[in-house]
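Here is the structure we will look at, set down as structure tokens.
The values are calculated or read from the model by the stated rules, or taken from the named source; none is laboratory data. What you are looking at is a predicted structure, and each value in this text was computed from that prediction instead of being measured. Reconstructed Cβ throughout: ideal geometry from the backbone, glycine too, with neighbour counts over all protein chains shown.
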Amino acid sequence: MPTESGSWSTARQTKQKRKSNSLTLKRTNSSEQERPGLQRDLLEGQDSKLPSSVRNTLMELFGQIEREFENLYIENLELRREIDTLNERLSVEGQTIDGADLSKGQMKTKASHSTSQLSQKLKTTYKASTSKIVSSFKTTTSRAICQLVKEYVGHRDGLWDVGVTRTHPVVLGTASADHTALLWSIETGKCLTKYVGHAGSVNSIKFHPTDQIALTASGDQTAHIWRYVVQLPTPLPTADTSQISGEEEVDFSDKDEGDPDGDISNDCPTVRVPITSLKSHQGVVIAADWLVGGKQAVTASWDRTANLYDVETSELVHALTGHDQELTHCCTHPTQRLVVTASRDTTFRLWDFRDPSIHSVNVFQGHTDTVTSAVFTVGDNVVSGSDDRTVKVWDLKNMRSPIATIRTDSAVNRISVSVGQRIIALPHDNRQVRLFDMSGVRLARLPRSNRQGHRRMVCCTVWSEDHPTCNLFSCGFDRQAIGWNINIPALLQEK
């Protein structure tokens, strides 16, 4: 509990911050008044990353706001002239509206009424104009169709990570705080394999690019490589789920978590012993991934290091040091020997192993809080998410500043980017999952209601564009993973 002196200090700092913000606002307003007006055609000629349809709509709405304020400004001038005229008439009788005797006579009532009326009209105009802008955006994004297809329920604790196999048959993998990793049939939702080799929370799961092998990271300070063999059952017919707009607003109330004793994973084939155990860390292993080719693996740990291993010999090849605080995530490039690590020190680092003789590292500093994840896209981009409620898109050729910034209302967890459509899926602490394009334009929000959606913090998302039914998966601390069908028209993604 904070002490009395601590509360007084906090209150003082808040007051000083508000005072500073007020002074800054005054300076900004004064500079805006002194700045010469820009020509409208000059503004319209500037480069913009917004789609032309959205940009034209914004210009039209801003024009309406400008015309409304022009009308209000003219009315304000007329009211001032009337007040000045009345003041001149009353000055003959020794009365004034602007002086100390403002409380006398009917003029005070009229002036007060006029001021109040003007203020109310300004507020009404502002609200109406804002509503038009918000409605315009909602109309644009509502064309994105986000449909819940399947729920995968069977873990006894929250899920940290979700992954999809890169080989056939395509199955879903989940990593849970209940010390297990499960493999699922995407079509039926049936548990296919249960891995119980870890002695701590399973924090990450990634699949080998060519073989039926999984890589899991755990709180027991190890990463395990284990083999699985799955045979998909015949899918059962399921009821059709109605299509729901990604922007539908529905109030939410928690559902019963269910009886944890009803664990459907008890009937799964169980794998208990890994092929290889990677044991060089001195703290929780929070994430792991395969390097291109699958002959090496990288792990990230709370001991502030990332390790690069040779999979066949389990030997440590490189210890990647430099972060000042615990690591939170690691990811590898799909086609090149590049690794990115994220940390609580508000940075993420790019490690380059393409040249065997030179192992370079670049530090990206753009967040103000823990970087929860950083992932590669196809090409030369990295997308990072943070507890500072922002997501940033970076160009590897120019790391000084992000090329796009997405601001949200909640902390962002492990993000994912689709390969084909280049859509970013953001899982949030507030149970939402939102979709953005690479330029930062919001496309949709996945539905969340009493009937569907996550009931607790969403920890991770992953795309699976080769699957005909589910192309996006999410998992969270409501002990379930969810498969979604996302259909974003090409019109919404045009630049």
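So, Val363, is that one in contact (Cβ under 8 Å) with a residue 24 or more places away in the chain and loosely packed, with under 15 Cβ neighbours inside 10 Å or not? Yes.
Here Ala411 passes the criteria (1) buried (at least 20 other Cβ atoms within 10 Å of the Cβ); (2) of a type in the set (A, V, I, L, M, F, W, C); (3) at pLDDT 95 or above except the one numbered (1). Can you confirm whether the stretch 225-242 contains a residue that is touching a Ser or Thr at 6+ places or on another chain (Cβ under 6 Å), outside any loop (DSSP other than H, G, I, E, B) and modelled with pLDDT of 95 or more? The answer is yes; a qualifying residue exists. Looking only at the stretch 455-484, residues that are under 19 Å from Ile145 (Cα atoms), modelled with pLDDT under 95 and not small (Gly, Ala, Ser) come to 7 in all. Report whether or not Arg156 is without any contact (Cβ under 8 Å) to a residue 60 or more places away in the chain, of a type in the set (D, E, K, R) and in contact with a strand residue (DSSP E or B) (Cβ under 9 Å, 6 or more places away or on another chain). Taking the combined requirement at face value, the residue does not satisfy it. When the stretch 359-414 is filtered for residues that are over 14 Å from Leu338 (Cα atoms) and of a type in the set (Lys, Arg), the ones remaining, listed by number, are Arg389, Lys392, Arg400, Arg407, Arg414.
Taking residues in the stretch 197-226 that are in contact (Cβ under 8 Å) with a residue 40 or more places away in the chain, and partners anywhere that are charged (D, E, K, R) and part of a loop (DSSP other than H, G, I, E, B), the pairs with Cβ atoms closer than 7 Å and at least 6 places apart or on different chains are Gly197/Arg272; Gly200/Asp220; Phe207/Arg166; Pro209/Arg166; Thr222/Lys279.
Residues are listed down the side, and each one gets a yes or a no for (1) in contact with a Phe, Trp or Tyr (Cβ under 8 Å, 6 or more places away or on another chain); (2) modelled with pLDDT of 95 or more; (3) assigned by TED's automatic domain parsing to the domain that holds Leu192:
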site	(1), (2), (3)
Val271	yes, yes, yes
Gly283	yes, yes, yes
Asp289	no, yes, yes
Gly293	no, no, yes
Val298	yes, yes, yes
Trp302	no, yes, yes
Leu308	yes, yes, yes
Asp324	no, yes, yes
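Of the strands (runs of 3 or more DSSP E) lying entirely inside the stretch 388-460, the ones with 1 or more residues being in contact with a Gly (Cβ under 8 Å, 6 or more places away or on another chain) and either touching a residue at least 60 places away in the same chain (Cβ under 8 Å) or outside the structural domain of Gly158 (by TED's automatic domain parsing) (or both) are found at 404-407, 433-437, 442-445. For the stretch 178-224, the set of residues classified as part of a loop (DSSP other than H, G, I, E, B), of a type in the set (Val, Ile, Thr) and more than 14 Å from Ala288 (Cα to Cα) consists of Thr180, Ile186, Thr188, Val196, Thr210, listed by residue number.
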